[in-house]
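Down below is the structure, laid out as structure tokens.
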Amino acid sequence: MSIINGTALLKSCIHGATSMLESDGTRRKQQRVSILLELFKDFDNDCNKILTFKEVLKKRTFLLLQERDKKGAFQTEWVCREAMSLENLQVNGTFRRTVWQRLRATVTPILGEIIAFVDKNCNLDVVRPSEEGNVKSTLWLQIFANPNLTVIQYDSFLSPVTNKPRVTIPVMSSTSKGKHEQYKFPFFLVIKDHMDNLLHNAHKLKGPDETSVSRAFQCVLDESEIASTLIMNANDEHHEELIHCYLEDFSQTVPKRKISEQISVEYKKIIQQSLRSVAALPHVNNKTGGFILTIPAIHVSYEIIRERLEHFEQIIKLYPGAIHSDVEENAEMVLDASALLSLLISLKPEPTELKCIVKRNAWLNMVRNARPVVERILDSEKRSKTDFYGTISRKRIKECRPLWISISVVKLFVEHVCPDTEAGGEIIKRSRNLLLALGKNVDLKKASSINTIENFLITANVTASVQHFKFGVRLCLQCKECINEPVALPCRHLAVVQKQSNPPTSSLTDHPAASIFQSTVAPAQEAALISHQNDHGPNAAVVTPQMIQDLQSYISNRANILAMNTKREK
């Protein structure tokens, strides 16, 4: 027969324990008290249940009290000390009340720590009885009753300064956009962390074949603490309901970046669909017969497509329109490949987009921001030699390669040639022509593509030089060096003022100037040349031979790197 009524003791400590919790809103504090009292009241006369909240709570509190008593000397003699304390007896009136107050003072901080642990992310809402059924409540109690799953240690309660239980107890909950995340699955974060640790151990046991991870994971699970819980019974009538809750909660934890609320709901649905699609693959689902989604299959599937989901997340961060891309086709996940193709199609520049300096800079920034994720996907598909990418995904990524090369070449042309002003309409038109000249099958490993770019740049250079100077940009007619202080001769050729004889003569026309001709610097031509030769910066008005040489050098180096990577892979 129990000397102390444990249920009454815990009930009397509820208000004091909840008041010790760190303030996270008065409303939630009131909800905690209401839920706890409701749970005690609901189970008071229920003798048919194997697990009840009050019994599990008493068991966990008792274990923590035992751990506390082992740590300190003379902890078992507290009743004698209370009996000899005249001050406490005078305050409380009777010995029975004195002992009761001492028990409350000891149990209250421990109960507060337990409540803070079990109510992470509003987890107490899951165990609240409802008319819909109590399958989640039963699972909640199963997990809470297992000290190896829900690890609560007395040492973690102690203040590092006083080595006594904390006065204020924080409720550690994950947040998103300033709000506490709320999960539907009982102790979701506890189960997820436990599964992640088991999967990590399974990687150490797997064979040389990547598909053996799921089999090794299943072996580790069979020997774990979680094997006996309700969630591992795929034949249970409530299994589908529990798995649906877990999958919804799991999709909340996948995004690593902030995603707008407009697409967050659809993004979570896409993640769930992708995980279901991969989990149904034969090398993930080892069971014969019909496919049944399980929690281990969700974790193995996510491990397989983690990198692809991260790529997709980065793409929709850049281009939210990619959220409407196909998730799967013919039972194959094509999520990131479809999103990449959608992104690159949106990056194809329009003539009106490049004419305006603001829109042009926005387009250049968009291409620069997209470059890391685009090149990671292209490189990942090239290095992958397994089923990481299916046939349809590889086909779509193959379509993306020439499109990305064309966009990159046009970007280089616009950066190096187009002036940083509203001027340069003719050059903007040429950038569109460059995109058309490259075509759909551009490949910098092929000489034909390099020749196309080279011929286009040479033609653009000649056209631009004739447009700005009658006879084009040439070297000095006399010294064959760059013209710094141009002199416009009567025949409209240019020369250098210091190098001209009296009277000056054009070496192209052999036409001497009149004796009264003065070799003075031509202001208009000098201004054009200064703009043209100013380090080939953004204000340059025409394409220079040095610009062509720089661009050709970049393209040649890029082609060499790609060729070396191909040989190394072979």
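List of remarks:
- The residues in segment 239-272 that are surrounded by fewer than 16 Cβ atoms within 10 Å (Cβ to Cβ) and over 15 Å from the mean Cα position of the chain (by Cα) can be counted, and the count is 8.
- Residue check, LYS359 basic (Lys, Arg), more than 18 Å from the chain's Cα centre (by Cα) and open to solvent by 10 Å² or more (accessible area, probe 1.4 Å): yes
- Restricting segment 325-337 to residues that are open to solvent by 10 Å² or more (accessible area, probe 1.4 Å) and in contact (Cβ under 8 Å) with a residue 24 or more places away in the chain leaves a set whose member that is nearest to GLU313 (Cα to Cα) is VAL327.
- Residues (assigned to a helix (DSSP H, G or I), at pLDDT below 75 and open to solvent by 20 Å² or more (accessible area, probe 1.4 Å)) located in segment 382-429: GLY425, GLU426, LYS429
- Any hit, segment 204-221, residues being in contact with a helix residue (DSSP H, G or I) (Cβ under 6 Å, 6 or more places away or on another chain), among the polar types (S, T, N, Q) and either modelled with pLDDT of 80 or more or assigned to a helix (DSSP H, G or I) (or both): yes
- In summary, LEU335 fulfils each of the numbered conditions (1) at pLDDT below 90; (2) out of contact with any strand residue (DSSP E or B) (no Cβ under 9 Å at 6 or more places or on another chain) with the single exception of condition (2).
- Residue pairs meeting the criteria (Cβ under 7 Å; at least 6 apart or on separate chains; first on the phi > 0 side of the Ramachandran plot, in segment 298-319; second open to solvent by less than 30 Å² (accessible area, probe 1.4 Å) and at pLDDT below 90): none
- Being aromatic (Phe, Trp, Tyr) and farther than 20 Å from TYR389 by Cα is a condition met by no residue of segment 307-314.
- Any pair with Cβ under 8 angstrom, 6 or more apart, that starts in segment 347-376 at a residue that is in contact (Cβ under 8 Å) with a residue 24 or more places away in the chain and part of a helix (DSSP H, G or I) and ends at one that is β-branched (Val, Ile, Thr) and open to solvent by 30 Å² or more (accessible area, probe 1.4 Å): ILE357/THR421
- Spans of helices (runs of 4 or more DSSP H) in segment 38-113 with at least 3 residues open to solvent by 70 Å² or more (accessible area, probe 1.4 Å) and at pLDDT 80 or above: 53-71
- Residue in segment 437-445 that is at positive phi and either modelled with pLDDT under 85 or more than 24 Å from the chain's Cα centre (by Cα) (or both) present: yes
- Among residues of segment 186-200 that are over 23 Å from HIS238 (Cβ atoms) and touching a residue at least 60 places away in the same chain (Cβ under 8 Å), those with a Cβ under 7 angstrom from a residue that is open to solvent by 40 Å² or more (accessible area, probe 1.4 Å) and in a helix (DSSP H, G or I), sequence gap 6+ or separate chain, pair up as LEU199/GLU303.
- The set of residues from segment 149-169 being part of a loop (DSSP other than H, G, I, E, B) and in contact with a strand residue (DSSP E or B) (Cβ under 9 Å, 6 or more places away or on another chain) comprises SER159, LYS164, ARG166, THR168.
The values are calculated or read from the model by the stated rules, or taken from the named source; none is laboratory data. All values derive from a computational prediction rather than experimental measurement. No Cβ is skipped: glycine too gets one built from the backbone with ideal geometry, and neighbour counts run over all protein chains shown. Accessible surface is based on the protein model in full, side chains and every heavy atom, while ligands, DNA and RNA are left aside. Shrake-Rupley method; radii C 1.70, N 1.55, O 1.52, S 1.80 Å.
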